[in-house]
Amino acid sequence: MLAYHLNVLDMNLMNALIRDRDLWGEKWRKTMKRSVLLSVNGERREVFIKPNSTLLEVLRDELLLTGAKEACGSGECGACTVLVDGKPVNSCITLAMEAEGKAIETIEGLSKEGKLHPLQEAFIDHHAFQCGFCTPGMIMSAKAFLKRSPEPTKEEIRNAISGNICRCTGYENAVDAILDTAVGTEK
Amino acid sequence: MTNFRHIKKGPRRTDGALIVTGRADFTGDISLPGMLFGKILRSPYPHARIVEINTEKAKKLEGVKEVITGKDIGYRRFSFIDTPAFPADQTPLAVDKVRFVGEGVAAVAAISEDIAVTALHLIDVKYEELPPVFDPEEAMKDGAPAVHETIEPNTTTAWEDFGIPSTKSRPYKAVNNISNRNLIEYGDIGKGFEDADYLKEDRFEIPSTSHMAMEPHAAVASYQPTGKLDVWLSHMGFEHKRFWLAKLLDMPISRVRVHKTYVGGAFGGKISIFPYEFIAAYLSRLTLRPLKITLTREEVFCVCPPSRRMIVYLKTGVKKDGTITAQQVKVIDDVGAYRGSSPTALYLAHVFRNPIYNIPNLKHEGYGVYTNKLYTTAKRGHGLQQIVFAVESQLDMICDELGLDKVEMRLKNFRKKGDTLPNGDMLRSYGLPECLEEAAKKIGWREKYGKKKFRGLGIGTASMFSGAHNFPFSSAAMIRLNQDGRMILYTGQAEFGNGVDTVMAQIAAEVLDCPLDYVIVNSGDSEVSPHDLGNWLSGGVFVSGEAVRRAALDLKDQMLQHAAAGLDIPVEDLSIRDGWIIPGSDESKKLSFSDISRYGIQMAGGDPLIGKGFSKCVPEVYFWKGKFNKTASLSSGKGRFTEAYGLTLAIAEVEVNPNTGEVEIVEVVLADDCGTPINVKSVEGQIMSQAVMGIGDVFYEEVKIKNGIVMNPNLLEYRVPTANDIPKITSIIVDSYEPNGPFGAKEVGESPRAAAISAIANAICNAIGERIYTLPMTGDRIMEALHSKNT
């Protein structure tokens, strides 16, 4: 019966160990909070956070940028993908403090001057989403990918978004949308 | 009808910009001032009596606002099916004993999620372990541990609340853990088997798979001091949710408002009320503060019901030429700790085969069986892929053994357009034979079959309702003309990725012959929308879409009446074209929609011009006071259930590496008879989606449970298809034109998955020359089959 305890009772304990600072007391938590300056979508934002706050928590709960989603909380699905210095990261397993002084880009920063980014337009044109929960993360992965591979093959695109799980579309429309954007950018 | 303006086209999703900018609000994105957070303490035991729960320490933790246990809530029972024969068996938190690992026993409301989690550790629960039972066939034996004691309903059942005439609720005593059963018979099964030249008997086992909707389940509840409850939920239609919230909280249904949210995938898994949804509402009422509960991915895997685990015993008799003479089916549905939708599933596991094959003599018996495991529910084709996997596997084996062509054999046994099914449902549209012909041609069946070693071809079929007369029994819609000539369409349909907002706008704009952006859709808000079936049993387009069509027609009629009065010409001389009302002879007198709105207000006593429409699936089934025309019986299979069946035929070609068991899918072709596709791109998206989901079902997906514990509750151990796993998938739309559907449309959202699973599974077995009787067909299972063949 020990297995039950380890596996389930303490699915909560595990969560606590990994993410919950309260086990060590409210006081500790309060004293350990500190002010951090983040650059998000070109804006300087000061946040007062715990040392083990994830970037995703800070974006969603402190800065109210809810475009990045938490779907697995353990870096397995890509729904929380944002760019840090141009590189896609799973923000659910990235500490916010690690992103201090780096350029953070989220889906909210993609459209400029009231216009959607070409990737966003292409995703709509190609019906590249259904429920849309994974879409912000996938678009951010695609953006970083196109920057480093402006003339990709379909195979390379599939690889680039293979860390972004989508349960609805079957991916091919997204691959087409990304390919279409790449072709469009070339012109 | 060929010159549609919007139908049979593929316009962009009207809400696309919200999705791609991250601005679409899912439940988890909702945050209200003063919001608390809820967490649930869960049982570590599969079967145990709760001796005592001490919550004192947890209550004293700073930041904790409320701690509740099952005893506080009491026996408020709920279930997907709640009838006098099968009364509800589940409570939001376990009251006296726990029946599966992960069942909730207590819940906390706190000012942060962190504090709520900490408080869970301060709750002390004393359990007395009871012997568990995990195997359904063991559970059915005399002397097996009883998962449930006699269930004594303490309220009317939902069935009675709906107004369905029924005998009084009675206690339910599960004998040998049987939670529910059905028996459906027609023809003469004995004679059918006597007439057969060949009999085949097999046992198939289909595991649970997770819906794995990307959005983890969440609920936000805000109980107002005025006695009103606002909720934001991940759901597939608000009616079930608000009915159950109101019933369990003992408040009027109209005082529960389910707000519109975007839903991050559902796939059949978010219809019923979940314990956490009730708990969020209950805690909000206790604290008079908004409260949010978000499940972790691990919780979603461990405590939210996955698809139904079924064992299918199948016996089929055929003539030498392949004509089916009889079929006997016994389904054992391992329901887990609670019955849920099993009575529906056992019925559907019968009825979904009905429109496919003409089986003159049939016996179908089903047993739902309680075990101490995670309970189960509907997933995209409820009971469909389970029965189809068994039937199509066996038909392939029969063809192999009798040397019959698998395409011809199926064509010989398919039903025909115009057939009436044993329960009275009619096939007014039926494109299945054409689907098979087209798919076989596309993949090159006749040229390729049996030509190459370790290459295989397989066929899968499927059918699905286009809605049924389930609660709330019909759908309605309203459309309101605004002074700028644009219209707001109110529908209760839920957008969870199906593109329904766009499809409903297309239907309304088609009727009113105006640009698509003239129609603004307000969907899925229970306080604003009229009643609606919701988006399950695939009735969205067929039933709710028809309600929208009729609402638009009603508005059009009112607009033309006003135009006729305003222009003083007969209404017959008017038409609507391109967003204008045009008098037959004189274009210069044309009126805009805006002109009509002004006419209504200034010249017709302030008439706001609101169109309404409604549609009831299977209108001849009704009940009201003494009047009662029998609804379909889930237990006996008698009675009408739907007006139209969507159909899919899939053919897959695979190549198996005999040294490793690896499978390469060469191509999957899915031919789908969905009637008229309203949005071609959305239809293709639905087909593609299900083909890929089917690939997961065949190759990797299984919720593995050992000693009652889910062993793979994360995405590393529960693998789903990624962008790298997608083979060539071809969809063919066979437009059979369903006369009762809006513009000829019917179902597309559920049948392709089952067809894809069977086609790929049959292709693998064809390639290796050996049968695998279960899913998923992993590399080791394939190797094992190859070895057994060689020894």
| Options B:ALA48, B:GLY403, B:ILE253, ranked by Cα towards positive dipole end of the protein assembly as shown, top entry (Cβ charges) | B:ALA48
| segment B:461-495 versus segment B:628-648: alpha-carbon centroid distance in Å | 21 Å
| task | Assign one of three labels to segment B:474-615, namely rounded, prolate or oblate, based on the Cα gyration tensor with a ≥ b ≥ c the square roots of its eigenvalues; rounded applies when a/c is under 1.5, prolate when it is not and a/b is larger than b/c, and oblate otherwise. | result | prolate
| remark: On the formula 1/(1 + (r/R0)^6), with r taken between the Cβ atoms of B:ASN657 and B:ASP161 and R0 of 51 Å, the FRET efficiency rounded to 0.05 is 0.35
| What are the residues whose amide H is under 5 Å from the amide H of B:GLY237, where those residues sit 5 or more places off or on another chain and H is modelled from the backbone? | B:ASN535
| Applying 1/(1 + (r/R0)^6) with R0 = 45 Å to the Cβ-Cβ distance of B:ILE569 and A:GLU113, what FRET efficiency is obtained, to the nearest 0.05? | 0.40
| task | Kindly work out what percent of the DSSP beta bridges joining two residues of segment B:474-615 are antiparallel, to the nearest 5. | result | 75 percent
| Using the membrane-span-like helix rule (whole DSSP H runs, Cα extent along the own axis of at least 27 Å, mean Kyte-Doolittle hydropathy at least -0.5), which helices of chain B qualify? | B:546-567, B:680-699
| request: Figure the gain on full extension for B:ILE111 and B:THR150 (residue separation times 0.36 nm, minus the Cα-Cα span) and round it to one decimal in nm. | output: 10.1 nm
| query | Shielding of B:500-506 by partners, i.e. mean partner chain Cβ atoms within 10 Å per residue? | reply | 0
| query | So if we plug the beta-carbon distance of A:GLU100 and A:ARG148 into 1/(1 + (r/R0)^6) with R0 = 25 Å, what FRET efficiency do we get, rounded to 0.05? | reply | 0.55
| Please state the relative contact order of segment B:474-615 as a whole percent: Cα pairs under 8 Å, 6+ residues apart? | 34 percent
| note | Quick calc, segment B:474-615, dipole around Cα centre from Cβ unit charges on Lys, Arg (+) and Asp, Glu (-), nearest 20 debye, gives 100 debye
| Exactly which trypsin sites (Lys or Arg not before Pro) in segment B:440-543 are in a DSSP loop and have at most 16 other Cβ atoms within 10 Å? | B:LYS451, B:LYS452, B:LYS453
| task | Go through segment B:90-147 and name the trypsin sites (Lys or Arg not before Pro) that are in a DSSP coil and have 11 or fewer other Cβ atoms within 10 Å of their Cβ. | result | B:LYS141
| message | Using the Karplus curve 6.51 cos²θ - 1.76 cosθ + 1.60 with θ = phi - 60°, what ³J(HN,Hα) values do you get for each residue of segment B:123-128, in whole Hz, with x for Gly and Pro? | response | 8, 10, 10, 9, 10, 10
| query | Sorting B:ASP114, B:ASP586, B:ASP334 on the 10 Å Cβ count, fewest up front, what's the list? | reply | B:ASP586, B:ASP114, B:ASP334
| request: Please go through the residue pairs B:LYS448/B:LYS728; B:LYS363/B:LYS412; B:LYS441/B:LYS638; B:LYS441/B:LYS728 and name each one whose alpha carbons sit more than 28 Å apart in this structure. | output: B:LYS441/B:LYS638
| task | Determine which lysines satisfy two conditions relative to A:LYS147: a Cα distance under 24 Å, and not lying fewer than 8 residues away in the same chain. | result | A:LYS69, A:LYS87, A:LYS102, A:LYS112, A:LYS115, A:LYS187
| request: Distance from a point 7 Å along Cα→Cβ of B:ASP250 to each backbone N in segment B:279-304: keep the residues under 13 Å and list them by number. | output: none
| For chain B, what does -39500 (n - 2.57) per DSSP helix run (n ≥ 4), summed and divided by total residues, give at 222 nm, in deg cm²/dmol to the nearest 500? | -8000 deg cm²/dmol
| said: Sequence gap at least 6, Cα distance under 8 Å: using those rules, report the relative contact order of segment B:492-564 to the nearest whole percent. | reply: 38 percent
| task | Only Lys, Arg, Asp and Glu count, each charged at its Cβ (+1, +1, -1, -1), so figure out the dipole size of the protein assembly as shown about its Cα centre, rounded to 20 debye. | result | 1200 debye
| Point-charge dipole on Cβ atoms (K/R +1, D/E -1) for chain B, about Cα centre, debye to 20 | 800 debye
| query | Cα gyration tensor of the protein assembly as shown, axes a ≥ b ≥ c as square roots of the eigenvalues: rounded (a/c below 1.5), prolate (a/b > b/c) or oblate? | reply | rounded
| task | Ignore the peptide's own chain and count Cβ atoms of other chains within 10 Å of each Cβ in A:149-158; give me the average, rounded. | result | 1
| message | Compute the distance from the alpha-carbon center of segment B:101-169 to that of segment B:278-355, in whole Å. | response | 17 Å
| task | May I ask for the distance between the Cα centers of segment B:597-627 and segment A:130-185, given as a whole number of Å? | result | 45 Å
| Test item: A:121-128 mean partner chain Cβ contacts at 10 Å | 5
| message | Under 8 Å for C-alpha pairs, at least 6 residues apart: give me the relative contact order for segment B:551-627, rounded to a whole percent. | response | 33 percent
| query | What is the set of long-range amide H partners of A:HIS117 at a cut-off below 5 Å, with H atoms built 1.01 Å from backbone N? | reply | A:SER111, A:LYS112
| query | Leaving out same-chain residues fewer than 8 places away, which lysines sit with a Cα under 17 Å from that of B:LYS590? | reply | B:LYS556
| message | Suppose the chain between B:ASP405 and B:LYS630 were pulled fully straight at 0.36 nm per residue; how much longer would it get relative to their current alpha carbon spacing? | response | 76.8 nm
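Bear in mind these aren't lab numbers, they're just calculated from the coordinates by the rules spelled out. Note that the coordinates shown come from a computational prediction; the quantities given were computed from them, not determined experimentally. Please note: Cβ atoms are built from the backbone with ideal geometry, for glycine as well, and neighbour counts cover all protein chains shown.
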